[in-house]
Amino acid sequence: MAKTDITADELRDLYLTFFESKGHKIIPGASVIPENDPTVLFTTAGMHPLVPYLMGAMEHPAGTRLTDVQKCVRTGDIDAVGDAAHLTFFEMLGNWSLNDYFKKEAISWSFEFLTTKLGFSPEQLNVTVFRGEGKPGEDGYIPADEEAVAIWKSLGLPDERIFRLPREDNWWGPAGTTGPCGPDTEMFIDTGKPKCGPDCRPGCSCGKYIEIWNDVFMQYLKNEEGKFVPLGRHNVDTGMGVERTVCMMTGAPTVYDTEIFQPIMAKIDELRGAGEAPGSALDAGEVLKARRIIADHMRTATFILCDPKGGVKPGNVGANYVLRRLIRRAVRYARQLGIAEGFTVTLAEVICEKYSHVYPELKANLEQCRLDLEAEEKRFNATLDKGEAMYKKVAEQLKAHGQSQISGKTAFKLYDTFGFPFEMTCEMAAKDGLMVDKEGFEEANRKHQELSRTTSAGAFKAGLQDNSEVVTRLHTATHLLHAALHQVLGPTALQKGSNITAERLRFDFTWPQPMTAEEKAKVEELVNGWIAQGLDVTKKMTTVEEAKKEGAMALFGAKYGDQVSLYTIGDVSKEICCGPHVANTKELGSFKIVKEQSSSAGVRRIKAVIGNLG
Ligand code: SER
């Protein structure tokens, strides 16, 4: 029988002790803010801080068999938080072989731990393995992981519970754009529910099979050309999510119903007191979603603010911006529930209480965390108060005149002058039975950006979006524009100059004649497509030579230092640049060329704008 009353504390202990008994050293988890990796904003997996050792670039002082529990932050799906499963923070248990043991030991120990320590019956276990790619002898061929299959069979797993899946399912890594990676074997527990259909198998989202563990066999390296080459080492990287495992074993309907979240959810309910904000009529689903978002975001924000490495504060760029978004989203949802100011600190205290025996940094850094939360909550609440008051005036006037639509211009004014998020105007209007002219808002936004080129950036200061944030976003937009011009006009459309203000970007490039309407439309379409794809923007430090070898664009004749930052956007753009840039192209909203004109002989000039964040 699986241990149905397990807690996160017990799970951590069971895991670490088990692997210690197999010759592993228990090492402390790393900072959630990466120490030496500028390509990512946060530590996203247990293997991440171990990359130099997995690569063989350094020997780990604790040896070649390691185990730990790692704090991870993944904010790529921040908008999905509020459902039953998505979290922006989680703990990952892991064990590693640094060129020591390989598949046989890793898989056998996984099986032993699941069946003897967690108490699952072998019949509940289903696994997936990598089925291979390409044909022998051809470029890009990677063989199927028959070795893993044979090991599972030797442990008694029948063929029908071993699923051979493609790279989308059974391959892990690299964590950034390049690095160690390899086939994995994922373990799923069959909950006993009926199959949802004939194709139901591990990986199906119906809830019959729940993934519990992932053993990654890091025997390949993804190089800068995007090819998988043998790493020359056989590493093992495994990962088991604490929250998900506790949830599944205890039979809790969602992670928020486990003992892990219980004190946080209970405090939120206590703060809610009698219920929602006056005038807001949330249905049960909306209340649930708001509670989950507040709990998730405050847990993540507290861990970031208390991190021993420190240095991440609510702000407008990179990790700082992610932290600000987390706190501000929590504040918005707390207001919906009628929770009074000061809740961010109260919840941080509860989170600290729950976790500080495992993560002493929470207690050690709580004071600073309190100050940062208090300041950010106050700042954002003041903005929202003003905005809400203005919104109410608008709504009353409309009603008095028997009208039912907030014009785009008015919504834009609320946003631009009072910093009131457009999203909130829409939410409040929906509750008041009013409509909002969304297209009109976009239009007003665009016009404003075109017309106010010369006005100071002061207007932006009122809002969530301040001057430096807009500039950051326009920086990234410039890289996308450059890449799109290369695709549409060809490699001779080269950057001659770039200038960015809070309202627009300006980009000069070599091109002998005016662009056609078709060319301009194609460029806009490409850039907007990349924005919609939500491509990650990563940065790494390298030399100019290395960057050029990777095919990076650099300004001809420009002087660069020994080390340069190389910014990569998905597989669309690579440019040497000082930044700053957004973390993901989604943050740009939309892109539009407002002018294309001559700059000097043989040089064209584009002016372009991006949409505002709602
Ligand atoms: N790195 C792998 C994962 O994140 C296993 O630890 O799933």
Exercise. Residue by residue through the stretch 74-89, which ³J(HN,Hα) values in whole Hz follow from phi under the Karplus form 6.51 cos²θ - 1.76 cosθ + 1.60 (θ = phi - 60°), with glycine and proline marked x?
Worked result: 10, 10, x, 10, 3, 6, 8, 4, x, 7, 6, 10, 6, 10, 8, 10
Exercise. So how far, in whole Å, is the C-alpha centre of the stretch 318-342 from the one of the stretch 209-233?
Worked result: 37
For this session: Could you tell me what % of all Cα pairs in the stretch 79-146 have separations over 21 Å?
Result: 57
Problem set entry | Cα centroid separation, the stretch 6-48 to the stretch 399-443 (Å) | 47
For this session: Just name one of 57, 2, 44: the one whose Cα is farthest towards the positive end of the charge dipole of the stretch 1-80 (beta-carbon charges, Lys/Arg +1, Asp/Glu -1).
Result: 57
Problem set entry | Relative intensity, log₁₀ I(q)/I(0), of the stretch 247-404 from a Debye sum that treats every alpha carbon as a point, q = 0.13, 0.15 Å⁻¹ | -0.66, -0.84
Exercise. Taking the stretch 337-458 on its own, what percent of its Cα-Cα pair distances exceed 17 Å?
Worked result: 66
Problem set entry | Mean separation of Cα contacts under 8 Å, 6 or more apart, over the residue count of the chain: relative contact order % | 10
Seminar exercise, completed: Answer in debye to the nearest 20: the dipole magnitude of the chain about its Cα centre, from +1 Lys/Arg and -1 Asp/Glu charges placed on Cβ, is 1740
Seminar exercise, completed: Taking every alpha carbon pair in the stretch 310-376 and sorting the distances into 10 angstrom bins from 0 up to the bin holding the longest one, the percent per bin comes out as 20, 49, 30, 2
Problem set entry | For the stretch 13-25, Karplus couplings with θ = phi - 60° (6.51, -1.76, 1.60), whole Hz, Gly/Pro x | 4, 4, 5, 5, 5, 4, 6, 4, 5, 9, x, 8, 8
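Please state the equivalent ellipsoid semi-axes for the stretch 203-289: what are the square roots of 5 times the Cα gyration tensor eigenvalues, largest first, in whole Å?
Numbers: eigenvalues 355, 58, 35 Å².
Semi-axis lengths for the stretch 203-289 are 42, 17, 13 Å.
Cut-off is 10 Å between beta-carbons; in what order do 234, 24 appear when sorted fewest neighbours first?
Starting with the residue having the fewest Cβ neighbours, the order is 234, 24.
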Problem set entry | trypsin sites (Lys or Arg not before Pro) restricted to the stretch 155-193 and DSSP loop, no more than 16 other C-beta within 10 Å | 167
Exercise. In terms of modelled amide H atoms, which long-range or inter-chain residues lie less than 5 Å from the amide H of residue 171?
Worked result: 184
Exercise. Using bins 10 angstrom wide from zero, how does P(r) for the stretch 25-67 break down, in % of all Cα pairs?
Worked result: 27, 57, 17
Problem set entry | Listed peptides 82-90, 140-148, 56-64, 320-328 by packing density, highest first (mean Cβ within 10 Å) | 320-328, 82-90, 140-148, 56-64
Exercise. When the helices in the chain are scored as -39500 (n - 2.57) per DSSP H run of 4 or longer and the sum is shared across all residues, what 222 nm value do you end up with, to the nearest 500 deg cm²/dmol?
Worked result: -12000 deg cm²/dmol
For this session: List the aspartates and glutamates whose Cα lies under 18 Å from the Cα of residue 431, skipping any in the same chain that are fewer than 8 positions away.
Result: 276, 283, 286, 385, 388, 396, 423
Exercise. For the stretch 334-405, what D do you get in µm² per second when you plug the Kirkwood radius from alpha-carbon pairs into Stokes-Einstein at 20 °C and 1.002 mPa s?
Worked result: 145
Exercise. What are the lysines whose alpha-carbon lies under 16 Å from the alpha-carbon of residue 117, with same-chain residues fewer than 8 places away excluded?
Worked result: 3, 22
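Cα-Cα over 23 Å: which of 103/222; 104/227; 135/539; 289/309; 522/586?
Values: 103/222 20 Å; 104/227 27 Å; 135/539 35 Å; 289/309 32 Å; 522/586 19 Å.
Where the Cα-Cα span goes over 23 Å, the pairs concerned are 104/227; 135/539; 289/309.
Please compute the alpha carbon radius of gyration of the chain, then divide it by the globular-protein estimate 2.2 N^0.38 Å. Two decimals is fine. Could the numbers behind the result be given before it?
Values: Rg = 26.3 Å, N = 614, 2.2 N^0.38 = 25.2 Å.
Output field value: 1.04.
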Seminar exercise, completed: quick shape note, the stretch 99-182: Cα extents on principal axes in Å, largest first -> 43, 28, 22
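What does the highest-first list of 405-411, 492-498, 283-289 look like by mean Cβ count within 10 Å? Mind dumping the intermediate values first?
Values: 405-411: 19.3, 492-498: 16.7, 283-289: 13.1.
Highest to lowest by the protection proxy: 405-411, 492-498, 283-289.
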For this session: Calculate one ³J(HN,Hα) per residue across the stretch 312-323 by plugging θ = phi - 60° into the Karplus curve 6.51 cos²θ - 1.76 cosθ + 1.60, and present them in order as whole Hz with x for glycine and proline.
Result: 9, 10, x, x, 10, 10, x, 4, 4, 5, 4, 4
Problem set entry | Amide H contacts of residue 511 (H built 1.01 Å from N, under 5 Å, at least 5 apart or other chain) | 603, 604
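What is the sum of charges, Lys and Arg at +1 and Asp and Glu at -1, for the other residues whose Cβ falls under 13 Å from the Cβ of residue 518? Present the calculation step by step, with values, prior to reporting the outcome.
Working: positive: 520, 522; negative: 519, 524, 525, 596.
Surrounding charge for residue 518 is -2.
None of the figures in this text is laboratory data; all of them are computed from the coordinates on show. Keep in mind the model is a prediction, meaning the values are calculated, not measured. Cβ coordinates were reconstructed from backbone atoms using ideal geometry, including for glycine residues, and neighbour counts include every protein chain displayed.
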